[in-house]
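**Student:** Following this message is one structure expressed as structure tokens.
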Amino acid sequence: STSWCPVGTAFDAKQQQQPLRGGAAGRDTGLFGVPELSCPEGFQEAQDKALQDSEQLVQKACSTPPGPETVMIFDQLSDSLCRVADLADFVKVAHPDFAFREAAEEACRNIGTVVEKLNTDVELCQSLRRLLADETVMSSLDPETRRVAELFMFDFEISGIHLDEEKRKKAVDLNVRILDLCNEFLIGTHIPNKIDKHVLPEHIRYNFTAEGNYLQVAGLHADSPDDLVREAAYKIFLHSNTQQLARLEELLASRNSLAQLVGYDTFAHRALQGTMAKTPETVRQFLEKLSEQLSKRTQKDFEMMTKMKMKLNPHNSMLMPWDHPYYSGVLRAERYNIDPGLYCPFFSLGACMEGLNSLFSQLLGISLYAEQTKRGEIWSEDVRKLAVVHETEGLLGYIYCDFFQRPDKPHQDCHFTVRGGRLKENGEYQLPVVVLMLSLPNSARGAPTLLSPGMMENLFHEMGHAMHSMLGRTRYQHVTGTRCATDFAEVPSILMEYFANDYRVVNQFARHYKTGQPLPKNMVSRLCESKKVCAAADMQLQVFYAVLDQIYHGKHPLKKSTTEILKETQEKVYGLPYVHNTAWQLRFSHLVGYGAKYYSYLMSRAVASMVWKQCFAQNPFDRAMGERYRREMLAHGGAKEPMLMVQGMLQKSPSVEDFVDALVSDLDHDFETFIMDS
């Protein structure tokens, strides 16, 4: 294409791109090139069209004799609804125009309702059941088609399709109630707490937002050097709240009722179907063994933090939960002096993008090109559109990069699937489209955007998800790219962090934006080593959150209140004392999206660590390994059992002990750096 330009240039000249004017008639294209979406009202049009298509496809599915075509029709049905819902999911959080956000929110709700209805449509389910019951036809299907058919059936069963009408209605009602509770709980996790300002000593009040006679506490102030500020923020922000407590208790009870209604012992048993871990027992084993292996190291970390606290604050040296993030940071800074300001000049956004481009081209034969956008295609003029092109296979898909902060844009780094890849009826491949959202600071006019080491690592992480989406080229969009088990989904992104922390990779692109001087090797080593300071205690904290999540979604009725369970688990698993009248679980927003699956991040990290050490640590640019990684792990999306993909890559089936060893060995200091620095 003539409108492609090198990726680095596009980002370092970020102010210069003006969206192209419309065609001769000057008519705008819509968002992402979807014609209807040139105005907010277009969402209604897009959703009406999707609903019309879906009605026809439902009729077609019900009248088609069992065979591979059944699965194809189900996938088309899923695709027609997801194409609107996925796009709307992104627009409702990120579009700068409120009218667009509102229209997208409405579309999400409406499509969600239709999906719930379809999941309890007995006739539609029968057409799939006929296929699954026909052994002759089933044995003639390829493994991917078989798995997709089973996954669709799983969606039906979760909605209670196999129950009598009364119970089915109960399942639908529970699903609706759970959705509402999730939204209410999520909002509650972010709401600030207010306190009469006279309760706090005068000299710390300025840290909080004043509102008449009250002070608003909107977070934990974990980085504040004042112990009293952190303590006050912790006790006030995490103070128990009756309404939020009631929401959480009803959410956990409803999830449990639904799981039992559709035939599972607990919600965790239901949530872990199809994951790497498979059962709550395996998760419990993994977390217990990890905790055991970490305990001595965590104790050491806590002792170091306590010493540091005594040194800085001799009157009060007991280590409390509000001290952990702060003092581990102090230790890191003291031991390795890694001021982000020293690193930023080497990490201009353009250089980092060139680094990713060069890495992908060596490992996978893939290049990233910036493509000019049409008017109306993007929602903010600093969004960049990247074409992902393979050296022999051609265009694989598009990544829209929404990288910069703007008012009303959420401060989170994430990856959105806007359109899944699939093989269309006419034999063409529907190209995947994703958005990567970061919140990088806007640079001064004419100067490049400079990234801190943390931002650079996040960019690599999110790009790992994007590559999974581009290369998970499945026949069915239901299992495309990152539509896979939660505990496998983070493997490709975490693996990219290992590349981002390897000097051989960084040395290819990190250049001082003014002098062109490369980043010195010992600066990269120091950065990597600094991350290991107090890393055991940090990991132990994650284990505590994961254990808590498992207990909450385990056997019901719970033996105690959620707060008593928190207190008990915190003292047993984490080791720092519970603070009276606090209820951290009411701020645990991951309970919504990661219910019973919070462990996933740790398990994904274990797999990524094993893949890195075994396949890439010797040579991070090994093309043969890159191809094996694509073939065994990225290419299948969610169409293959996750553990089989891991087996294919590592050429062995890892045990729980292997996972634990991988995580723990990552905590060891690198001897070479240690000697160099001494």
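**Student:** Which of the residues that make up the stretch 484-508 are within 20 Å of SER361 (Cβ to Cβ) and open to solvent by less than 10 Å² (accessible area, probe 1.4 Å)?
**Tutor:** PRO492, SER493, LEU495, PHE499, ALA500, VAL505, VAL506
**Student:** Within the stretch 134-199, considering only helices (runs of 4 or more DSSP H) that don't extend past its boundaries, which have at least 1 residues that are within 30 Å of ALA246 (Cβ to Cβ) and modelled with pLDDT of 95 or more?
**Tutor:** Correct list: 165-190.
**Student:** Sticking with this structure for a sec: For the stretch 179-205, name all the residues that are in contact with a strand residue (DSSP E or B) (Cβ under 9 Å, 6 or more places away or on another chain) and either open to solvent by 70 Å² or more (accessible area, probe 1.4 Å) or charged (D, E, K, R) (or both).
**Tutor:** Passing the criteria: LYS194, ASP196, LYS197, VAL199, ARG205.
**Student:** Output the residue which, of all residues in the stretch 455-483 that are over 11 Å from the mean Cα position of the chain (by Cα) and not in a helix (DSSP H, G or I), is surrounded by the fewest Cβ atoms within 10 Å (Cβ to Cβ).
**Tutor:** The extreme case among them is ARG475.
**Student:** Follow-up. Pairs only if they're at least six apart or on different chains, beta carbon under 6 angstrom, first in the stretch 557-571 and over 16 Å from ASN241 (Cβ atoms), second modelled with pLDDT of 95 or more and not in a loop (DSSP other than H, G, I, E, B); list them, first residue then second.
**Tutor:** ILE565/ILE551; THR569/VAL547; THR569/LEU548
**Student:** Report, by residue number, each residue of the stretch 25-38 that is on the phi < 0 side of the Ramachandran plot and open to solvent by less than 50 Å² (accessible area, probe 1.4 Å).
**Tutor:** Answer for the stretch 25-38, where residues must be on the phi < 0 side of the Ramachandran plot and open to solvent by less than 50 Å² (accessible area, probe 1.4 Å): THR29, GLY30, LEU31, VAL34, GLU36, LEU37, SER38.
**Student:** Considering only the stretch 556-616, give the helices (runs of 4 or more DSSP H) lying wholly within it that have at least 3 residues that are within 25 Å of the chain's Cα centre (by Cα).
**Tutor:** Here the list reads 590-593, 600-611.
**Student:** Kindly establish whether PHE286 is in a helix (DSSP H, G or I), under 25 Å from the mean Cα position of the chain (by Cα) and aromatic (Phe, Trp, Tyr). Before the answer, list the steps.
**Tutor:** On the way: in a helix (DSSP H, G or I): yes; under 25 Å from the mean Cα position of the chain (by Cα): yes; aromatic (Phe, Trp, Tyr): yes.
So PHE286 fits the description; yes.
**Student:** Quick check on the stretch 271-286. Is at least one of its residues open to solvent by less than 30 Å² (accessible area, probe 1.4 Å) and over 29 Å from VAL176 (Cβ atoms)? First the steps, then the outcome.
**Tutor:** At the first step, the residues of the stretch 271-286 found to be open to solvent by less than 30 Å² (accessible area, probe 1.4 Å) are 271-272, 275-277, 280, 283, 286.
Those left that are additionally over 29 Å from VAL176 (Cβ atoms): 276, 286.
Yes, the stretch 271-286 contains at least one residue that is open to solvent by less than 30 Å² (accessible area, probe 1.4 Å) and over 29 Å from VAL176 (Cβ atoms).
**Student:** Scan ASP487, ASP502, ASP538 and give me the residue that is farther than 27 Å from ALA635 by Cβ and acidic (Asp, Glu).
**Tutor:** Working: ASP487 fails: farther than 27 Å from ALA635 by Cβ; ASP502 fails: farther than 27 Å from ALA635 by Cβ.
Exactly one of ASP487, ASP502, ASP538 is farther than 27 Å from ALA635 by Cβ and acidic (Asp, Glu), namely ASP538.
**Student:** Could we say that ASP155 is in the same structural domain as PRO68 (by the TED database), within 33 Å of the chain's Cα centre (by Cα) and more than 16 Å from MET72 (Cβ to Cβ) here? Show your work before the answer.
**Tutor:** On the way: in the same structural domain as PRO68 (by the TED database): yes; within 33 Å of the chain's Cα centre (by Cα): yes; more than 16 Å from MET72 (Cβ to Cβ): yes.
For ASP155, the condition - in the same structural domain as PRO68 (by the TED database), within 33 Å of the chain's Cα centre (by Cα) and more than 16 Å from MET72 (Cβ to Cβ) - is met.
**Student:** Just for the stretch 144-178: of the residues that are over 30 Å from LEU644 (Cα atoms) and without any contact (Cβ under 8 Å) to a residue 12 or more places away in the chain, which one is surrounded by the fewest Cβ atoms within 10 Å (Cβ to Cβ)?
**Tutor:** Result: GLU166.
**Student:** Within the stretch 406-429, count every residue that is open to solvent by 10 Å² or more (accessible area, probe 1.4 Å) and more than 30 Å from SER525 (Cα to Cα).
**Tutor:** The number of residues fulfilling the criteria is 16.
**Student:** Next question. Condition first: closer than 17 Å to LEU364 by Cβ, outside any helix (DSSP H, G or I) and open to solvent by less than 40 Å² (accessible area, probe 1.4 Å). Now tell me which residues in the stretch 622-660 satisfy that.
**Tutor:** Listed by number, the residues that qualify are ALA635, GLY637.
**Student:** Sort out which residues of the stretch 529-553 are closer than 18 Å to ALA246 by Cα and of a type outside the set (Phe, Trp, Tyr), and write them in order of number.
**Tutor:** Selection gives LEU548, ASP549, ILE551, HIS553.
Each row is one residue, and each column tells you yes or no for (1) in contact with a strand residue (DSSP E or B) (Cβ under 7 Å, 6 or more places away or on another chain); (2) surrounded by 17 or more Cβ atoms within 10 Å (Cβ to Cβ); (3) not in a helix (DSSP H, G or I).
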{"residue": "ASP75", "(1), (2), (3)": "yes, yes, no"}
{"residue": "SER80", "(1), (2), (3)": "no, yes, no"}
{"residue": "ARG83", "(1), (2), (3)": "yes, yes, no"}
{"residue": "ALA88", "(1), (2), (3)": "no, yes, no"}
{"residue": "LYS92", "(1), (2), (3)": "no, yes, no"}
{"residue": "ALA99", "(1), (2), (3)": "no, no, no"}
{"residue": "ALA103", "(1), (2), (3)": "no, yes, no"}
{"residue": "GLU106", "(1), (2), (3)": "no, no, no"}
{"residue": "ASN110", "(1), (2), (3)": "no, yes, no"}
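**Student:** Right, here's the next one. Please state which of the following conditions GLY516 fails to meet, knowing it meets all the rest: (1) surrounded by fewer than 22 Cβ atoms within 10 Å (Cβ to Cβ); (2) in a helix (DSSP H, G or I).
**Tutor:** For GLY516, the failing item is (2).
**Student:** Search the stretch 348-366 for residues that are without any contact (Cβ under 8 Å) to a residue 60 or more places away in the chain and pair each with any residue that is among the small types (Gly, Ala, Ser) when their beta-carbon atoms are under 6 Å apart and the residues are at least 6 apart or on different chains.
**Tutor:** Within 6 Å, the pairs are SER361/SER367.
**Student:** Here's something else I'd like to know. Could you tell me which numbered condition ALA222 fails, if it satisfies all but one of (1) in contact with a Lys or Arg (Cβ under 8 Å, 6 or more places away or on another chain); (2) surrounded by 18 or more Cβ atoms within 10 Å (Cβ to Cβ)?
**Tutor:** Every listed condition holds for ALA222 apart from (2).
The values are calculated or read from the model by the stated rules, or taken from the named source; none is laboratory data. Computed from a predicted structure; not experimentally measured. Because the Cβ atoms are built from the backbone with ideal geometry, glycine has one as well, and the counts that use them run over all protein chains shown. Side chains are part of the model used for accessible areas, which takes the heavy atoms of the whole protein and leaves out ligands, DNA and RNA. Shrake-Rupley method; radii C 1.70, N 1.55, O 1.52, S 1.80 Å.
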